[in-house]
Amino acid sequence: MSAFLAIGECMVELSEAGDGLYRRGFAGDTFNTAWYMRRMLPESWGVGYATCVGEDAISHEMLAYMEGERIDTSAVRRLPDATVGLYMISIEDGERSFSYWRGQSAAKRMGQDLKWLDAALKGRDMIHFSAITLAILPPKEREYFCGALARARARGAIVAFDTNLRPKLWESPEAMRAGLMMGARTSDIVLPSFDEEQVLFGDEDPEQSLERYRTQGADLVAVKQGPGDLLLWQRDSGARVIPATKVETVVDTTAAGDSFAAGLLAGLARGKTLEDSARGAMALAGQVIQGRGALVAEAVSKAGLEPA
């Protein structure tokens, strides 16, 4: 059996349900990707999630939810003196903002136990992480974490990195830029968003963003442009543009990038061409942003990406 692993932080999510009410769920950028991957990959692929959680009731509920969604939790590390983080989504004109409560989040300690990290990553065919995964770790532990990823890559794993930016999680813009470059150097596939690259690096066009990650050693770079076209580059075949998928009504952009990553990686894992994988990823993200919250159950079938 082939094995996909996402690693990062899953949190309690509170999303608007209308009339001032909020719906509780469990989500987080890399977990969202795993959740969509499970719906697109055949059973010949195992889908797992690695993180740290507490021993309290909400941590147990989170793991039970993951297992109910057929996501393997055997790589999860449990810490008795911690819990999981919480975030709340506020939506205005389809765009989201977040409020976080993660002071006691166990996931912030993922870089402390290298033996656990190496064991969690061992035997995986594909591994996915994000800049948020790095941002919540102390600076030295980011280096340990990326070292473990580099060892997994050397053993043959394909490593994918979403440059998902949350500036408030980093010590400084300089630390954020350095963290992104460290993550990129660890990865085969890099998934930046041009609007974020503009803010952080002052890029004038998506080609400049692509060049930055290409020179870090990636084999594949996909520069997302929100509702615009996708700039795609692969070492063996060069750059090309994939036209945007038209979306009539945007309800909630939460997990747009996470679902895009899942669509692209699942397509590649299933042996589809890069262009077909990219088109599927854009179609899935286009469906996800028409629903509320991070995990939109009907999005995969509407995008036509269910496994045969």
For the range 255-304, the spread of Cα positions along each principal axis, largest first, Å
30, 18, 13
Which values of log₁₀ I(q)/I(0), to two decimal places, follow from the Debye formula for the range 1-91 at q = 0.13, 0.26 Å⁻¹ with a uniform point scatterer at every Cα?
-0.45, -1.31
Any idea what diffusion coefficient the range 229-288 gets from Stokes-Einstein, in µm²/s, Kirkwood Rh on alpha carbon pairs, 25 °C, 0.890 mPa s?
207 µm²/s
Determine ³J(HN,Hα), in whole Hz, for all residues of the range 288-300 in sequence, where each value follows from phi through the Karplus function 6.51 cos²θ - 1.76 cosθ + 1.60 and θ = phi - 60°; x replaces Gly and Pro.
4, 6, 8, x, 9, x, 7, 10, 10, 4, 8, 5, 5
Over the range 89-215: Rg over Rh, Cα atoms, Kirkwood Rh:
0.98
With the Cα gyration tensor of the chain in hand, convert its eigenvalues to equivalent ellipsoid semi-axes via √(5λ) and list them largest first in whole Å.
25, 23, 20
Regarding the range 195-250, what's the average projected area of the Cα-atom convex hull, expressed in nm²?
4.3 nm²
Distance (nanometres) between label positions extended 7 Å along Cα→Cβ at ASP81 and ALA239:
5.1 nm
For the range 1-152, what is the largest minus smallest coordinate of the Cα atoms on each principal axis, given in angstrom and ordered from greatest to least?
48, 37, 30
Tell me what the chain gives for mean residue ellipticity at 222 nm when only DSSP H runs of n ≥ 4 count, each as -39,500 (n - 2.57), the sum divided by the residue total, rounded to 500 deg cm²/dmol.
-11500 deg cm²/dmol
Magnitude of the charge dipole, the range 24-152, Cβ model with Lys/Arg +1 and Asp/Glu -1, debye to 20
360 debye
In what order do VAL190, VAL250, VAL288 fall by count of nearby beta-carbon atoms within 10 Å, going from fewest to most?
VAL250, VAL190, VAL288
So what's the net charge close to LEU114: Lys and Arg +1, Asp and Glu -1, counting the other residues with Cβ under 14 Å from its Cβ?
+3
Residues PHE98, PHE260, PHE145 in order from fewest to most other beta-carbon atoms within 10 Å are PHE98, PHE145, PHE260
Among VAL84, VAL159, what is the fewest-to-most ranking by other Cβ atoms within 10 Å?
VAL159, VAL84
Reduced Cα scattering model of the range 162-222, Debye log10 I(q)/I(0), q = 0.17 Å⁻¹:
-0.50
If you look for lysine pairs in the chain that are eight or more places apart or on different chains, how many of them have Cα atoms under 24 Å apart?
13
Over 24 Å [Cα-Cα, the range 176-286], rounded percent:
20 percent
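Values quoted throughout were computed directly from the atomic coordinates according to the rules given, and no laboratory measurement underlies them. Predicted model, so just to flag it, every value in this text is computed and none were measured. All Cβ positions, glycine included, derive from the backbone under ideal geometry; neighbour counts span all protein chains shown.
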